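Nothing in this text is a laboratory measurement; each read-out follows from the coordinates by a stated rule. Please read these numbers as outputs of a predicted model, since none were measured by experiment. All Cβ positions, even for glycine, are placed from backbone atoms using ideal geometry, and neighbour counts span all protein chains on display.
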Amino acid sequence: MEIKDKIKDVLAGSLKVKPEELKEGLSLEGGIGVDSTEMVEAVIALEKAFQVKLAQKEVTKFSTLNDIEKVISSKVNKS
Amino acid sequence: MDKIAVTGIGVVAPSGIGKRQFWANIKAGRSFIKEITRFDSSLYPSHIAGQVDDLEKYSHVTERLLKKIDAFSHMALVASEFALQDAGIDIKKEDPNLVGIFLGNAIGGWLYAETELRDLYIEGREGVSPYMASAWFPAAPQGQVSIYYGIKGFSKTVVADRAGSLMAIGYGRKVLDKDKLNMILAGGMEAPVTPYALLCCNTYGTLSQNNSQPQAAYRPFDRGRSGCVIGEGAGVVVMEPIERAKKRNASICAYISGYGATCDGVDRIHPAKDGHELARAIKMALDDAGINPQEIDYISLDGLAVDIWDDSEIAALQEVFGRRLKDIPLSCPKSMFGNLLGASGAMDLVITILAMEHKLLPPTINLEDAAIKGLNYVTGESRHREVNKALIISRGRGGINSALVIEKS
């Protein structure tokens with residue numbers, strides 16, 4: 001599974017939304033109205049799924065799927 | 001103070017979800033007390049309760065929101081939606097600054113809290129859901145209802161043990177009377193059927209341990225009483241000024257016309273034996289309503305099924321109503337579905353309004369041999385009777401007394 005698809009699945013599972021609701025090009029806040037508390041849980045879910053550590057500012061509610069993919073890919077490739 | 005109209009009712013209870021199902025079971029005198037099935041409670045001294053098992057079937061709440069909230073908020077959201085539908089109110093058309101929420105409860109959202117605390121000790125702080133911060137505390141349902149409907153007016157959560165919701169309703173009426181709001185969602189919710197909350201209720205020492213006969217366990221005012229049985233649920237009503245309700249051609253269920261509250265100030269748990277301060281709260285409610293005791297034709301009892309509580313409640317009624325008390329029908333219908341603690345007063349309001357509407361008094365089940373004789377208890381089955389003015393009593397630990405007077409529309 002590609003990293004972006006896995007990110008979609010992890011976010012959809014964590015936020016209890018359908019994967020298709022996570023639109024390309026829209027931030028998590030702009031697309032599905034994620035709030036800051038939901039982001040805390042979503043980031044923890046991403047960290048567990050990809051076995052990486054994400055700093056507070058690396059993935060935020062203003063991030064798009066592409067932004068998140070870039071951050072996670074760089075960390076997965078380093079390890 | 002002016003009377004306030006109740007124009008909608010929402011109920012989530014072990015006896016039913018939605019007022020039709022709920023009333024059908026209440027008027028039939030059916031018990032919904034059973035052994036707790038949600039978790040293994042077999043080692044608890046009292047392990048029976050009134051459970052709400054199929055809320056999801058009736059719920060409009062998304063999975064996304066459900067994972068963030070405790071059961072007591074979920075029940076409050078469902079009861080609020082029912083109440084708004086019943087009142088025929090489209091909340092989007094209301095001025096959000098002029099809508100308020102007044103809810104009561106006693107213990108907060110322990111199902112969520114204890115699950116996360118367990119994770120804290122097993123997995124460490126990273127194992128705790130970030131929603132914990134906003135899910136467990138007693139005002140969480142008020143917050144969730146306000147977020148769900150975009151309500152922005154003055155609102156309040158009252159925590160006063162079992163009297164919380166009746167006090168919230170009384171408080172809400174005062175606020176409406178001062179023309180601060182157009183309408184209010186008022187009531188209460190409680191979800192004590194969880195491992196830790198049940199433990200707390202057990203240590204409180206007022207629960208019946210008649211686990212072998214769940215349906216016969218809760219017997220308020222009976223000589224064989226052995227304490228109450230807990231239940232869970234939510235009762236919410238829509239309250240609005242009469243002029244506004246009439247202007248929008250709303251169907252008025254009842255009027256709230258009087259409210260009184262006092263404290264015993266004698267003990268951290270038990271009430272005063274003489275019931276004098278409860279009597280004073282009742283007199284305050286009657287004075288507030290501008291009626292005399294002779295006009296009350298039904299009394300909804302608090303009925304904890306503990307000697308000092310039941311006897312002091314009757315002592316208060318004797319002080320207020322004197323010899324006429326023997327003629328007034330008295331009932332404690334929560335014997336059928338459990339004591340909803342902080343939500344019990346709201347549930348009693350809902351039942352009393354339905355009793356007025358259907359001209360049918362709900363029974364106190366299991367009251368077979370009254371501890372104090374010569375009173376007009378409604379026992380066994382419902383009794384046909386028109387009710388025009390009713391008194392509702394709700395009390396809490398430490399001597400909290402509240403009384404509400406309602407009148408037929």
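Here are some notes:
- The reciprocal of the average 1/r between distinct C-alpha atoms defines the Kirkwood hydrodynamic radius, which for the stretch B:258-408 equals 15.1 Å.
- Choice from B:Ile169, B:Ile299, B:Ile122 showing the highest fluctuation, given a GNM over chain B with Cα pairs closer than 10 Å: B:Ile122
- Among B:Met347, A:Met1, B:Met183, B:Met356, the ranking by other beta carbons within 10 Å of each residue's beta carbon, starting with the fewest, stands as A:Met1, B:Met356, B:Met183, B:Met347.
- For the stretch B:28-63, applying the loop criterion from DSSP together with a ceiling of 16 other beta carbons within 10 Å to the trypsin sites (Lys or Arg not before Pro) yields B:Arg30, B:Arg38.
- Springs between Cα atoms under 10 Å define the GNM used for chain B, and in it the highest mean-square fluctuation of B:Glu35, B:Glu386, B:Glu126 occurs at B:Glu126.
- Ellipticity estimate at 222 nm from DSSP helix runs (n ≥ 4, -39,500 (n - 2.57)) divided over chain A, nearest 500: -18500 deg cm²/dmol
- Label point of A:Glu29 set 7 angstrom out along Cα-Cβ; within the stretch A:36-58, amide nitrogens under 17 Å from it belong to A:36-43, A:56-58.
- For the stretch B:18-73 versus the stretch B:221-272, the gap between their alpha-carbon centres in whole angstrom: 20
- Neighbours of B:Leu361, meaning other residues whose beta-carbon lies under 11 angstrom from its beta-carbon, give a summed charge of +1 when Lys and Arg score +1 and Asp and Glu score -1.
- Calculated SAXS-style log₁₀ I(q)/I(0) at q = 0.21 Å⁻¹ - the stretch B:1-101, Debye, Cα scatterers: -1.20
- Across the alpha-carbon atoms of the stretch B:4-254, the computed radius of gyration and Dmax are 18.7, 58 angstrom.
- Ordered by the count of other Cβ atoms within 10 Å of each Cβ, fewest first, A:Thr37, B:Thr203, B:Thr379 give B:Thr203, A:Thr37, B:Thr379.
- Set against the 2.2 N^0.38 Å expectation for a compact globular protein, chain A has a Cα radius of gyration ratio of 0.96.
- Longest to shortest principal axis, alpha-carbon extents of the stretch B:195-337, angstrom: 52, 35, 30
- Nitroxide proxy distance, nm - points 7 Å out along Cα→Cβ at A:Ala55 and B:Asn376: 7.7
- Value of [θ]222 nm, deg cm²/dmol, for chain B, DSSP H segments ≥ 4, -39500 (n - 2.57) each, nearest 500: -10000 deg cm²/dmol
- In whole percents, the pair-distance distribution calculated for the protein assembly as shown from its alpha-carbon pairs, binned every 10 Å from zero, is 4, 20, 28, 22, 13, 8, 4, 1, 0.
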